[in-house]
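Data first, discussion second: the structure below is written as structure tokens.
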Amino acid sequence: MRLLADENIPLDTVRALRDAGHDVYSATESGPGAPDLAHIERAMSEDRLIVTFDRDFGELAVRGPQKPRAGVLLLRIKPKDAQEITQLVLGLVARSDVEWRDRISVVDDTHVRQRRI
């Protein structure tokens, strides 16, 4: 899967996703401090699912001028450590029963709620 990991996604998670065979653009490594719209533009041009804790991506995806068709995975959890984030994201992107494309997916401790972009 092609992913764009926002700056708030730990590098350990990025590395684990890559080790699992995913193509991950890391904003921390390649675009620190860039505005959210720049990340959305990259995600759109490279067809990447955005993985983030930042609610602004949800707002921009739904109401903004550019729609990231690969989707937005918005994490709304309070993890105890980076390992918890890694396990959650690895598990989510491995799910075959969830369609990420054209959706904003909000993940909390118990649910994956989705809304079409």
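A short reminder: the numbers here are calculations on the coordinates, not readings from a lab. Only a predicted model underlies this, so the values are computations on that prediction, with no experimental measurement involved. Note: ideal-geometry Cβ built from the backbone for every residue, glycine included; neighbour counts use all protein chains shown.
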Compute the relative contact order of the range 2-116 as a whole-number percentage, counting only Cα pairs closer than 8 Å that sit 6 or more residues apart in sequence.
26
Computed ³J(HN,Hα) along the range 41-49: with the Karplus parameters 6.51/-1.76/1.60, θ = phi - 60°, integer Hz and x for glycine or proline, the list is 4, 5, 4, 5, 5, 10, 6, 10, 6
Residue-wise HN-Hα coupling along the range 72-83, computed from phi with Karplus coefficients 6.51, -1.76, 1.60 (Hz; x: Gly, Pro)
10, 10, 9, 8, 10, 10, 10, x, 7, 6, 5, 4
Selected from Ala43, Leu74, Ser105, residue furthest toward positive end of dipole (the range 2-116; charges at beta carbon)
Ser105
Once R0 is set to 41 Å, what does the formula 1/(1 + (r/R0)^6) return for the Cβ-Cβ distance between Val62 and Arg18, expressed as a FRET efficiency to the nearest 0.05?
0.90
Based on Cβ point charges of +1 for Lys and Arg and -1 for Asp and Glu, what charge dipole magnitude is obtained for the range 2-116 about its Cα centre, in debye rounded to the nearest 20?
440
For Val106, Val72, which order do you get if you count the other beta carbons within 10 Å of each Cβ and list the fewest first?
Val106, Val72
Separation in nanometres of the label points that stand 7 Å from Cα toward Cβ, at Leu88 and Leu11:
2.2
Name the shape class, rounded, prolate or oblate, that the alpha-carbon gyration tensor gives for the range 1-70, where a ≥ b ≥ c are the square roots of its eigenvalues, rounded holds for a/c under 1.5, and otherwise prolate holds if a/b is larger than b/c and oblate otherwise.
prolate
Stick to the Cα atoms of the chain, pair each with every other, and give me the Kirkwood hydrodynamic radius in Å at one decimal.
13.9
